[in-house]
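Notes to accompany the following structure.
Derivation of every value follows stated rules applied to the coordinates shown; laboratory data play no part. What you see is a predicted model; the values in this text were computed from it and never measured. Using ideal geometry, Cβ is built from the backbone for each residue, glycine included, and neighbour counts are taken over all protein chains shown.
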């Protein structure tokens, strides 16, 4: 993987205020595309959206709307959002809406959950007939990762089938846990744990986000220091073996094995045998 494909949660700080419209197409799992529209001037956005609403809002599967919790004009933000909802109602009544209440780090920790819920309820009233899913986010902690992982999971047409097959892999191969990460963003696409065998508890609910950040930073360091790409990482200690390998054209796989009777060579063989099956499963229109 080239350095250009490394996307971190800090990447959006390069999107500075613009008087014109910037559009970015971000491929996800090769068969999905996320179009990012950047415009910081409200009047210009209103004019652009109004005159191009059929192009922007027709056949929309998901709208992701970001609210700035540090905004100087909340009422204007709500008005702009309401217009987008009206356009969606006209052109894509089956769309999903995700709202990110961003810059959560600027809010005192003891007020964050209450504020996000208050904002969610208020925005929900503006969203009829759509039902929104809301997240409080910040670039300074893993909330942004969790939000995007949830959004990407809902965008994958056969996400439940992928999870079902990962579950079969975990049970058949006697592994503690298996995780699929999207290759470009390293977002958690799907994961499964062994149905009955558990030799240690997964106490950290944010382990996928942390592992994702560790691998992304390691890959970036390798690319900067030696101009090389990372295809696999293995970690072995007295408690478990961890394998992170390129899996399909669009994913990495992480496999955790705690049973000392399951040899690393067997786990790698099972990853190799499963690869063609998941390659077919992750193809478009499956």
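Which FRET efficiency value, to the nearest 0.05, do you get for residue 249 and residue 225 by plugging their Cβ-Cβ distance into 1/(1 + (r/R0)^6) with R0 = 30 Å? E between residue 249 and residue 225, to the nearest 0.05, is 0.70. Test of understanding: what is the full-extension gain from residue 51 to residue 122, defined as 0.36 nm times their sequence separation minus their Cα-Cα distance? Difference between extended and current length: 22.8 nm. Entry note, the stretch 159-281: relative contact order of 27 percent, from Cα contacts under 8 Å with a spacing of 6+ residues.
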